[in-house]
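Working notes, structure below.
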Amino acid sequence: MNGRFDFAFDFDLDELAPADAASEEAVERFWSGDLTALSQHHTTPNGSHSFVIAHDQSATWGIPGAPQVMAIAVARDLTRFTYTLETSHHATVSFAQAWLVERGCPPEKIAKIQGGSLKPADDLTVWVERQIRKSGTRYEVLDNHTADFEPCETWTLTRDSRADEAPIRVFLEEWDHDAGTYTMREGAFADVGAVRSWLEDRSGPLPEPPEYSDDNGALVRARVARIALARSAGVSATPKASMDAPRTPPAGPVQRPVQGRLL
């Protein structure tokens with residue numbers, strides 16, 4: 001195999017060759033020295049597939065706002081002695097998980113994150129992330145942004161193929177490094193221009209999706225309540241935020257060099 005593929009994770013590719021030009025190109029541009037694994041799953045017993053979520057430290061000194069989470073999918077054909085390799089960058093771990101699930105990774109195998117310094121602040125955050133992780137092709141990602149200085153946040157701008165009303169959705173992740181926690185919220189807008197205006201001026205709270213308050217709202221709350229019951233059995237009790245609790249909008253975004261969101 002190509003000697004430049006100096007991967008920090010054991011993908012066991014020494015006897016295999018890239019199956020296609022895309023995999024060969026991915027190998028050529030790949031550098032593992034900047035990656036720290038956050039979650040991994042390798043199939044057994046034959047080890048035909050590997051799925052990895054990693055923090056890409058190189059993004060912290062690259063283009064301001066660049067995503068820092070990398071998803072990696074490797075599929076081995078042990079009869080042909082070849083492999084395919086795909087990578088994709090994401091602003092949040094949950095969208096990286098969704099990308100891997102679409103490529104065959106069981107959601108529960110990639111759900112637990114190791115090495116992250118921040119924990120979900122509330123049950124709604126856990127529920128929103130779970131919805132993203134299992135969303136399949138529901139959300140078309142249009143744009144994203146990562147900022148490690150005030151405001152410490154990421155946002156992912158998407159189009160929701162299942163939404164009849166306000167189909168443009170933004171997923172806003174905000175970090176509280178002092179508390180060691182983060183929140184994830186979903187906002188709903190009629191068009192992309194409305195989202196960008198809100199992100200620019202933050203003149204009001206993030207508009208919640210219509211389904212949070214219509215007849216489906218009871219179902220959403222029931223699912224969040226089940227997460228709360230499951231989390232209550234954990235070692236520590238983190239703050240619980242009601243879906244009806246007022247949200248205080250952060251100050252307007254200022255682009256600064258990113259410094260590493262997870263580590």
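Any idea which residue in region 98-128 is surrounded by the most Cβ atoms within 10 Å (Cβ to Cβ), counting only those that are among the hydrophobic types (A, V, I, L, M, F, W, C) and touching a Gly at 6+ places or on another chain (Cβ under 8 Å)?
Restricting attention to region 98-128, the residues satisfying the condition of being among the hydrophobic types (A, V, I, L, M, F, W, C) are 98-101, 105, 110-111, 113, 118, 121, 124, 126-128.
This time we only want the ones that are touching a Gly at 6+ places or on another chain (Cβ under 8 Å), so: 98, 101, 118.
Values: Ala98: 26, Val101: 22, Leu118: 17.
Checking each candidate, the answer is Ala98.
Filter region 193-207 down to the residues that are surrounded by 18 or more Cβ atoms within 10 Å (Cβ to Cβ) and not aliphatic (A, V, I, L, M) and list them by number. Break it down into steps so the answer makes sense when it comes.
Quick first cut of region 193-207, residues surrounded by 18 or more Cβ atoms within 10 Å (Cβ to Cβ) only: 195, 198-199, 206.
Correct list: Trp198 only.
Limited to region 94-133, what total is found for residues that are closer than 15 Å to His55 by Cβ and among the acidic types (Asp, Glu)?
0
For Ala37, are the conditions met, namely being at pLDDT 90 or above and either assigned to a strand (DSSP E or B) or closer than 29 Å to Phe171 by Cα (or both)?
Criteria not met by Ala37.
Thr137 passes all but one of (1) free of Cβ contacts under 8 Å to residues at least 60 places away in the same chain; (2) open to solvent by less than 70 Å² (accessible area, probe 1.4 Å); (3) among the polar types (S, T, N, Q); which number fails?
Thr137 satisfies all of (1) free of Cβ contacts under 8 Å to residues at least 60 places away in the same chain; (2) open to solvent by less than 70 Å² (accessible area, probe 1.4 Å); (3) among the polar types (S, T, N, Q) except (2).
Could you list, in sequence order, all residues of region 42-91 that are open to solvent by 10 Å² or more (accessible area, probe 1.4 Å), out of contact with any His (no Cβ under 8 Å at 6 or more places or on another chain) and assigned to a strand (DSSP E or B)?
Selection gives Asp77, Thr82, Thr84, Glu86, Thr87, Ser88, His89, His90.
On the given criteria, is Asp164 open to solvent by 40 Å² or more (accessible area, probe 1.4 Å), out of contact with any Pro (no Cβ under 9 Å at 6 or more places or on another chain), free of Cβ contacts under 8 Å to residues at least 60 places away in the same chain and not in a helix (DSSP H, G or I)?
Here the answer is no, as Asp164 does not meet what is asked.
Within the group Ala147, Ala190, Ala179, which residue is open to solvent by less than 50 Å² (accessible area, probe 1.4 Å) and modelled with pLDDT of 90 or more?
Exactly one of Ala147, Ala190, Ala179 is open to solvent by less than 50 Å² (accessible area, probe 1.4 Å) and modelled with pLDDT of 90 or more, namely Ala147.
Let's see how each residue does on (1) in a loop (DSSP other than H, G, I, E, B); (2) without any contact (Cβ under 8 Å) to a residue 24 or more places away in the chain; (3) under 14 Å from the mean Cα position of the chain (by Cα):
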site: Ser94; (1), (2), (3): no, no, yes
site: Gln97; (1), (2), (3): no, no, yes
site: Val101; (1), (2), (3): no, no, yes
site: Ala111; (1), (2), (3): yes, no, yes
site: Leu124; (1), (2), (3): no, no, no
site: Glu129; (1), (2), (3): no, no, yes
site: Val141; (1), (2), (3): no, no, yes
site: His145; (1), (2), (3): no, no, yes
site: Pro151; (1), (2), (3): yes, no, no
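Show the residue pairs meeting these rules: Cβ distance below 6 Å; 6+ apart or different chains; first residue within region 171-195 and more than 17 Å from Leu118 (Cα to Cα); second residue among the polar types (S, T, N, Q).
What qualifies is Phe171/Thr156.
The values are calculated or read from the model by the stated rules, or taken from the named source; none is laboratory data. Just so it is clear, the structure is predicted and the values come from calculations on it, not from any experiment. Cβ: placed from backbone, ideal geometry, glycine included. Neighbour counts: every protein chain shown. Side chains are part of the model used for accessible areas, which takes the heavy atoms of the whole protein and leaves out ligands, DNA and RNA. Shrake-Rupley method; radii C 1.70, N 1.55, O 1.52, S 1.80 Å.
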